[in-house]
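Report on one structure; see the data block that follows.
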Amino acid sequence: MNFARFLVLGLAAGLIAVVAVVYGASEGWFGAHEMPGAVTAKRIPEEVVANRVRIGKAAAASLGANPSKQILFGDLHVHTTFSVDAFATSLPMLAGEGAHPPADACDYARFCSALDFWSINDHAEGLTSEHWHETIDSIRQCNSVAGDPENPDVVAFLGWEWTQVGSTPEDHYGHKNVILHHTDADRIPTRPIASRGMAARAMSIPGGLGLGAVALFSGEPRVHDLVRLLAERKKMDDCATGTPVRDLPDDCFESTETPGELFEKLDDWGHDSIVIPHGTTWGFYTPAGSTWDKQLTRAQHDPARQTLIEVFSGHGNSEEYRDFRGVTISADGRARCPEPSPGYLPTCWRAGQIIRERCSAAGEAAAECDARAATARQNAVDAGIQGFLTVPGAEVSDWLDAGQCRDCFAPAFNYRPGGAAQYILALRNFDDPEEPGRFEFGFMASSDNHTARPGTGYKEIDRRENTEAAGEVAAGALGPLSREPGEPIPESVAYDRTRMPLMVFNALEAERQSSFFLTGGLIAAHATGRDRDSIWNAMGRREVYGTSGPRILLWFDLLNAPSESGGALPMGSKTRMARTPEFRVRAVGSFEQKPGCPEYTAASLSPERIHHLCRGECYNPSDERRPITRVEVVRIRPQIRPGEPIGPLIEDPWRVLPCAADRAGCSVSFSDPEFESAGRDALYYVRAIEAPSVAVNADNLRCSRESNGECRESNPCYGDFRTPYEDDCLAETEERAWSSPIFVDFAGPRGRQRPARE
């Protein structure tokens, strides 16, 4: 009897111990705090920096451009493993490399990509108070190493990402990076400001006892560290609403529902900041049918802060507008699946095609298969961005190129044209007919890198490290990440939203996206100096542009602006005039790259550090530049009445100006003789196009196409074991730079206001 009692007590004690261990694992007891790392206490030699300046000014002088300004290159969209999603993809089970903290980003910008400036933008939704203060300290360290503040080797800006995701087009606003001018304690917010809702919940990743058990049985210490990170975040209390920001506790979690609330809090702080929207066409989180119309209101737009938009990143291009939509709204207000149009196959329509093909193969009658296809289309629409999960057992390749922009340059995945920069710039809000509202964005690009690697586009190598394409290490490690488990049955299933928290990567089509991840772009600033204020002021003037990665030099000027506007005006400017505007564009191609790293990198970092951080390859320019083949001009004439169709207002390209095959650069001019007779406002921007070269994932899904352009068969570039790790999925592309627009409002008597094309 005593033995039985002792046995029961022993088993109970063992069970309690197991539960305690699992509970402790779920609370992060066995994990380590993610540290910020240490910035390497060396700067780039002054003669190297001086030589960059000399080369840039020589290129400007050769084309007669303004020699008083330098073109400086940066990346204002960089994540470290302080971001929960970046931490998750750093796990070995996802082929991750381990910790990449803020100090890595500084060293990478300085010694690997050789940038002039960069910013840190970890997701505010997952940042703890401790990590925010560690971020501030790391950015200060990076700047303290830079040398003379008037002539630093690199400028590091502090910032965060406001990561909002709505479940419907009506409540979706998207992602925005907040960049701060200063790093002094009295000129920065005490807390980053996060978004509230779906994105904040997603940053938590399914936790609790389940993740604790995974940590215990995975054998990976980094999983315990992830649980620790999540546990630290969960301990934060939400800040009280309706309280002035300076009256809130330092360590509470501050968040907002809408962009308008974000702007209000930034106004409350009163510090210099820029808010840069990005991912405006990314369909992996943006509901089909979303547009930017609802953000063009006084409540949701701050024209003083929201002055730039990211048109390109490692997630692709968000510049180009197309008339297609992923869903349509019927008279009863319900979302429906549109039919395919030339150049576009809706994902919902492809769902119906897959089910019809399976149904026919199973020997069912044509009428039955048509009915099942119709049900499949509606199920996919009702599921929103998880529409692909309504087709059981569907592989990535089964979807062909459904949902994608076939004729866009390096398009974002599952393209949403209602968020394209061209669409946004063509909009007007007529709530106040006397002063219609509009967006006046300058263009920039960046990387959106999640491994603390700002400026990854300097060489098209190492797809797994220099893009977001990461996945399973081996078959069966996690199960398919872009496929609904189950047999490929001949009928659709309705999406069960209660399963959403269990799906994580699956819910975002992680593997299908892998074909669209690029090495990322850069922002270029026409600055009067290398210092922080000069760069900030260039961004404030919108005298910036974006590139798809290469360091293309670009100047775009209005030559005959009214004298009160200063005569010649650079990109980003706004003026009013009544006569024909005349423009000049000058562009110089980027340098061809030499293998390896420059001497100063080898003198500053150990071989092991160079391999881990730079992957053994750095920005290492030769003396030879790539030629610019042509300049494309885009003209947009914003709406002049409510409901005016957007498509005809966007003329892309409006002009194509060929360039001679001269590696020294290209200079071309054009005018708009229709401006005065049209009698309506216009804006103009240019693209400088480089000679073809190869780039990672440039062919996206690598479709074999029919004569009409339809995808017959796709060959996806997976992030998991199905594509060899060393395969960079290279394809030919035409790298480019996008100038910020020049806004020319019509100052004379209004003409007959004819549409953009007649």
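Between a first residue in segment 135-147 that is over 19 Å from residue 192 (Cα atoms) and a second residue that is surrounded by fewer than 16 Cβ atoms within 10 Å (Cβ to Cβ) and hydrophobic (A, V, I, L, M, F, W, C), which pairs have beta carbons less than 9 Å apart while being 6 or more apart in sequence or on different chains? Matching pairs, first to second residue: 141/38; 141/41; 144/41; 145/41.
Collect the residues in segment 88-121 that are assigned to a loop (DSSP other than H, G, I, E, B) and at pLDDT below 95, keeping them in residue-number order. Hits for segment 88-121 are 90, 91, 95, 96, 97, 98, 99. Kindly indicate whether any position in segment 321-341 is outside any strand (DSSP E or B) and closer than 25 Å to residue 181 by Cβ. No; the residues of segment 321-341 include none that is outside any strand (DSSP E or B) and closer than 25 Å to residue 181 by Cβ.
Would you check if there is a residue in segment 390-397 being out of contact with any Cys (no Cβ under 7 Å at 6 or more places or on another chain), closer than 28 Å to residue 692 by Cβ and either of a type outside the set (Asp, Glu) or outside any helix (DSSP H, G or I) (or both)? There is at least one residue in segment 390-397 that is out of contact with any Cys (no Cβ under 7 Å at 6 or more places or on another chain), closer than 28 Å to residue 692 by Cβ and either of a type outside the set (Asp, Glu) or outside any helix (DSSP H, G or I) (or both).
When the residues of segment 504-523 are filtered to those that are in contact with an Asp or Glu (Cβ under 9 Å, 6 or more places away or on another chain) and at pLDDT below 70, which remaining residue is nearest to residue 313 (Cα to Cα)? In this case the residue turns out to be 505. Counting the residues of segment 265-300 that are out of contact with any Asp or Glu (no Cβ under 9 Å at 6 or more places or on another chain), over 26 Å from residue 446 (Cα atoms) and among the charged types (D, E, K, R) gives 1. Among the residues making up segment 603-628, a single one is of a type in the set (S, T, N, Q), more than 27 Å from the chain's Cα centre (by Cα) and crowded, with 16+ Cβ neighbours inside 10 Å: 604.
Specify the residue that is nearest to residue 739 (Cα to Cα); the eligible residues are those in segment 540-573 that are touching a residue at least 40 places away in the same chain (Cβ under 8 Å) and polar (S, T, N, Q). For segment 540-573, the residue satisfying everything is 547. Taken over segment 425-468, the criterion of being basic (Lys, Arg) and part of a loop (DSSP other than H, G, I, E, B) is satisfied by 428, 438, 453, 459.
The number of residues in segment 629-656 that are farther than 16 Å from residue 323 by Cα, surrounded by 15 or more Cβ atoms within 10 Å (Cβ to Cβ) and of a type in the set (D, E, K, R) comes to 5.
Name the single residue that is surrounded by the most Cβ atoms within 10 Å (Cβ to Cβ) among those in segment 566-602 being in contact with a Pro (Cβ under 6 Å, 6 or more places away or on another chain) and among the hydroxyl-bearing types (Ser, Thr, Tyr). Of everything passing the filter in segment 566-602, 590 is surrounded by the most Cβ atoms within 10 Å (Cβ to Cβ). Taking (1) among the aromatic types (Phe, Trp, Tyr); (2) under 17 Å from the mean Cα position of the chain (by Cα); (3) under 25 Å from residue 388 (Cα atoms) in turn, residue 312 satisfies each apart from (3). Here 363, 343 are screened, and the one residue that is out of contact with any Lys or Arg (no Cβ under 9 Å at 6 or more places or on another chain) and under 30 Å from residue 389 (Cα atoms) is 363.
Condition check ((1) surrounded by fewer than 24 Cβ atoms within 10 Å (Cβ to Cβ); (2) hydrophobic (A, V, I, L, M, F, W, C); (3) farther than 17 Å from residue 697 by Cα) across all residues:
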residue	(1), (2), (3)
513	no, no, no
519	no, no, no
532	yes, no, yes
548	no, no, no
552	no, yes, yes
555	no, yes, yes
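Applying the condition of being free of Cβ contacts under 8 Å to residues at least 24 places away in the same chain and among the small types (Gly, Ala, Ser) to segment 604-641 and asking which residue is farthest from residue 422 (Cα to Cα) yields 606. Of all the listed residues (343, 387), the sole one being within 27 Å of the chain's Cα centre (by Cα) and surrounded by fewer than 19 Cβ atoms within 10 Å (Cβ to Cβ) is 343. All of 171, 225, 148 fail the test of being acidic (Asp, Glu), surrounded by 16 or more Cβ atoms within 10 Å (Cβ to Cβ) and either part of a loop (DSSP other than H, G, I, E, B) or modelled with pLDDT of 95 or more (or both), apart from 171. When 153, 85, 137 are checked against the criterion of being buried (at least 20 other Cβ atoms within 10 Å of the Cβ) and part of a helix (DSSP H, G or I), 85 stands alone in meeting it. Among residues of segment 383-400 that are closer than 22 Å to residue 703 by Cβ and modelled with pLDDT of 90 or more, those with a beta-carbon under 8 Å from a residue that is of a type in the set (D, E, K, R) and part of a helix (DSSP H, G or I) at least six positions away or on a different chain give the pairs 388/512; 391/398; 396/511; 396/512; 399/350; 399/512; 400/350.
Of the residues making up segment 574-602, those that are under 28 Å from residue 146 (Cα atoms) and either part of a helix (DSSP H, G or I) or more than 26 Å from the chain's Cα centre (by Cα) (or both) number 9. With respect to being surrounded by fewer than 17 Cβ atoms within 10 Å (Cβ to Cβ), of a type in the set (D, E, K, R), over 24 Å from residue 120 (Cα atoms) and in contact (Cβ under 8 Å) with a residue 60 or more places away in the chain, residue 298 fits the description.
For segment 51-82, a residue qualifies if it is modelled with pLDDT under 95, polar (S, T, N, Q) and part of a loop (DSSP other than H, G, I, E, B), and the qualifying residues are 66, 68. Among the residues making up segment 243-259, those that are in contact with a Ser or Thr (Cβ under 8 Å, 6 or more places away or on another chain) and within 28 Å of residue 315 (Cα to Cα) are 255, 256, 257. Scanning segment 734-758 for residues that are modelled with pLDDT under 50 and either touching a strand residue (DSSP E or B) at 6+ places or on another chain (Cβ under 9 Å) or among the small types (Gly, Ala, Ser) (or both) yields 756, 757. In segment 672-694 there is at least one residue matching the filter, namely being surrounded by fewer than 16 Cβ atoms within 10 Å (Cβ to Cβ) and in contact with a Gly (Cβ under 6 Å, 6 or more places away or on another chain).
With respect to residue 644, is the statement that it is among the acidic types (Asp, Glu), more than 30 Å from residue 462 (Cβ to Cβ) and outside any strand (DSSP E or B) true? Against the criterion (among the acidic types (Asp, Glu), more than 30 Å from residue 462 (Cβ to Cβ) and outside any strand (DSSP E or B)), residue 644 qualifies. Quick check on this structure: which one of 300, 378 is over 21 Å from residue 713 (Cβ atoms), touching a Lys or Arg at 6+ places or on another chain (Cβ under 9 Å) and assigned to a loop (DSSP other than H, G, I, E, B)? On inspection, the qualifying residue turns out to be 300.
The values are calculated or read from the model by the stated rules, or taken from the named source; none is laboratory data. This one's a predicted model, so the numbers in the text were calculated from it and none came from an experiment. Because the Cβ atoms are built from the backbone with ideal geometry, glycine has one as well, and the counts that use them run over all protein chains shown.
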